[in-house]
Amino acid sequence: MHISDGILSTQWCIVWYVVALVFIALGIREIKRRTEETPSYMPLLALMGAAIFVIAVWHIPVPVTGSCSHPIGTPMSAIVVGPFATVVLSAIALIFHAFLAHGGITTLGANTVSMGIVGTFTGYGTYVLLRRVNFSVWIAAGMAGFVGDVLCYLTTAMELALSINPGSVLYHWGLYSLGFVPTQLPLAVAEFIFTAAIVKYIADTRPDIIAKLGGAIDG
Amino acid sequence: MDNFVRNSLILLVICTAVMCVAAYAGYASGAGMEGTDGIVEEHAASTGGLEAVEIVPNVGAYGDMGEYVGFTLAGIIAGFIFGYFWIDIKEGGQRA
């Protein structure tokens, strides 16, 4: 989902930057509030930031398609530290990714929208919704990872189509989505597994961490 | 070290090992394994006559050593920042 510099038009880069900055501002406010309430929120944020950085940059080969891609990690982070804080972590991770030839600076807003906002909030929303209808923690968390991952890539496809093919957005959105999906589906399953495993593990062993920090383990 | 920390570290090592083995298997098979981000982006750019440009210096461009240096610097900077705030976090702001 990393879009490089030079691919999106200036107009769309600005639009995505504005959207991302609104969420980042809300996220910074949320982080300040929670850190003042609970100082131990900061090291957990750092841990989640490092996790997002590594998970979203490590390309995993998918032998059946002969290509590779990566999970995103933001649904897991959203469940543990909250969605708005995850947007900030995601933006920071994406800045570092740009130095590893993943993404870019002019497209930072667009990449933050797909990974940090859509991936985060759809995953978080899925988790909360499934917990409210009494699905178990691991199924709710796993589905959060799966849905967040897939929708993140569909958003990237939409960003490309809106900017490059304004005359045939829907056709090219479908075309670019089909380019992503075969490789991304197995990785979305991987995202299901590790999100479910990690959230279930924390919920079982240290629910106090999440409860104290205002996460969503209890739905 | 309590059970939570020990099991977390074991899980971390297993995850890292699985990713390393998967990456090695993929590249050793010689399938190319180009990233889908790049494939789709190139296709999309070609429909609009665009080309990706490099604005940010890429540490990978300096070979493996560039990545080692880049990650080491990032680790040092993050370590200093984290270490500076550690007293506030652990001691509730009782900095000496």
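For residues that are farther than 20 Å from A:A140 by Cα and polar (S, T, N, Q), scanning just region A:56-100, find the one that is surrounded by the fewest Cβ atoms within 10 Å (Cβ to Cβ). Break it down into steps so the answer makes sense when it comes.
First, the residues of region A:56-100 that are farther than 20 Å from A:A140 by Cα: A:56-70, A:85, A:87-100.
Remaining after also requiring polar (S, T, N, Q): A:65, A:67, A:69, A:90.
Working: A:T65: 18, A:S67: 24, A:S69: 27, A:S90: 33.
For region A:56-100, the residue satisfying everything is A:T65.
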Meets criteria (in a helix (DSSP H, G or I) and touching a helix residue (DSSP H, G or I) at 6+ places or on another chain (Cβ under 7 Å)) for A:V57:
no
Mind counting the residues in region A:156-189 that are crowded, with 21+ Cβ neighbours inside 10 Å, in contact (Cβ under 8 Å) with a residue 60 or more places away in the chain and either facing chain B (nearest Cβ under 10 Å) or polar (S, T, N, Q) (or both)?
9
Please work out which one of (1) loosely packed, with under 14 Cβ neighbours inside 10 Å; (2) within 13 Å of chain B (Cβ to nearest Cβ) is the condition A:K32 fails and give its number.
(2)
Kindly check whether there is at least one residue in region A:101-123 that is assigned to a helix (DSSP H, G or I), open to solvent by less than 60 Å² (accessible area, probe 1.4 Å) and more than 28 Å from A:V18 (Cα to Cα).
no
Taking A:I105, is it within 10 Å of chain B (Cβ to nearest Cβ), closer than 22 Å to B:E54 by Cα, in contact (Cβ under 8 Å) with a residue 12 or more places away in the chain and not acidic (D, E)?
yes
Does B:I39 fit the bill of being touching a Ser or Thr at 6+ places or on another chain (Cβ under 7 Å), at pLDDT 75 or above and surrounded by 10 or more Cβ atoms within 10 Å (Cβ to Cβ)?
yes
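Looking only at region A:190-202, which residues are of a type in the set (G, A, S) and either closer than 20 Å to A:L44 by Cβ or surrounded by fewer than 18 Cβ atoms within 10 Å (Cβ to Cβ) (or both)? Even if it seems obvious, please write down each step before you answer.
Kept after step one, since they are of a type in the set (G, A, S), are these residues of region A:190-202: A:190, A:196-197.
Correct list: A:A196, A:A197.
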Per the filter on region A:126-184, residues touching a His at 6+ places or on another chain (Cβ under 9 Å) and not in a helix (DSSP H, G or I) are A:N165
Being surrounded by 24 or more Cβ atoms within 10 Å (Cβ to Cβ), in contact with a helix residue (DSSP H, G or I) (Cβ under 9 Å, 6 or more places away or on another chain) and at negative phi is the requirement here; does A:M143 meet it?
no
Return yes or no: is B:E67 open to solvent by 60 Å² or more (accessible area, probe 1.4 Å), of a type in the set (D, E, K, R) and modelled with pLDDT under 70?
yes
The conditions are (1) under 19 Å from A:G27 (Cα atoms); (2) assigned to a helix (DSSP H, G or I), and A:I72 fails exactly one of them. Which is it?
(2)
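Output the residue which, of all residues in region B:53-64 that are open to solvent by less than 50 Å² (accessible area, probe 1.4 Å) and within 30 Å of A:A161 (Cβ to Cβ), is modelled with the lowest pLDDT. Before you say what the answer is, go through the steps one by one.
Start the filter on region B:53-64 by keeping residues that are open to solvent by less than 50 Å² (accessible area, probe 1.4 Å), which leaves B:56, B:58-60, B:63.
Subsequent filtering for residues that are within 30 Å of A:A161 (Cβ to Cβ) retains B:56, B:58, B:60.
Numbers: B:V56: 80, B:N58: 75, B:G60: 67.
Going through the qualifying residues, I end up with B:G60.
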Name every residue in region A:1-49 that is without any contact (Cβ under 8 Å) to a residue 12 or more places away in the chain and not in a helix (DSSP H, G or I), in order of residue number.
A:P39
Given the conditions (1) touching a residue at least 60 places away in the same chain (Cβ under 8 Å); (2) open to solvent by less than 10 Å² (accessible area, probe 1.4 Å); (3) over 21 Å from A:V19 (Cα atoms); (4) more than 10 Å from the chain's Cα centre (by Cα), report the number of the one that A:R131 does not fulfil.
(2)
Hits in region A:37-48 (condition: away from chain B (no Cβ under 11 Å) and open to solvent by 30 Å² or more (accessible area, probe 1.4 Å)):
A:E37
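The values are calculated or read from the model by the stated rules, or taken from the named source; none is laboratory data. It should be emphasised that the depicted structure is a prediction, and the values quoted were computed from it without experimental measurement. Backbone-built Cβ (ideal geometry, glycine too); neighbour counts: all protein chains shown. Heavy atoms of the whole protein, side chains included, go into the accessibility calculation; ligands, DNA and RNA do not. Shrake-Rupley method; radii C 1.70, N 1.55, O 1.52, S 1.80 Å.
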